Amino acid sequence: MTPPTRQKVLGLYRKIFQIAKKWQSASGQAEETIKEKEYIKNEAKTLFRKNKNVTDPKLIKQCIEECEARIEIGLHYNIPYPRPIHLPPMGLAHKQGRVLRHQEKLRKISKPIYLKSHDEVS
């Protein structure tokens, strides 16, 4: 990892923990705020540890973009959890053989960047 990339990653890690420190839940309840703060910290630790050995520059860039997107969406909607996508269960193609594989491929392509790593961790 190049030094500028390393600095960017570490900066994002610090930014996430600063956000968690100042976080207030939308409901304003203390228990909810504590749960959401813990979720933010645990999610960051899990994903950063999972990706600490990534060396491919394209994959590193994709992880950085995902992190930035999740931060922006979380701050905008005041929800720390990833926003789900809403696609009909079998709405993209017919349910037979090759077409089913094609549908799974379309679902994977249609997944937003901020959810790429969420299914792998959860």
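Every test in (1) assigned to a helix (DSSP H, G or I); (2) free of Cβ contacts under 8 Å to residues at least 12 places away in the same chain is passed by N53 save one, and that test is (1). Scanning region 34-63 for residues that are surrounded by fewer than 16 Cβ atoms within 10 Å (Cβ to Cβ) and among the β-branched types (V, I, T) returns I34, T46, V54, T55. Consider E43 carefully, then state whether it is over 14 Å from the mean Cα position of the chain (by Cα), modelled with pLDDT of 90 or more and acidic (D, E). So E43 does not fit the description; no.
Selection of region 1-38 for residues being among the hydroxyl-bearing types (S, T, Y) and either over 20 Å from A69 (Cβ atoms) or at pLDDT 95 or above (or both) yields T2, Y13, S25, S27, T33.
A single entry from E66, E38, E72 fulfils the requirement of being assigned to a helix (DSSP H, G or I), over 13 Å from the mean Cα position of the chain (by Cα) and charged (D, E, K, R): E38. In region 11-21 there is at least one residue matching the filter, namely being within 14 Å of the chain's Cα centre (by Cα) and surrounded by fewer than 16 Cβ atoms within 10 Å (Cβ to Cβ).
The values are calculated or read from the model by the stated rules, or taken from the named source; none is laboratory data. Not measured: the values here are computed from a predicted model. Cβ coordinates were reconstructed from backbone atoms using ideal geometry, including for glycine residues, and neighbour counts include every protein chain displayed.
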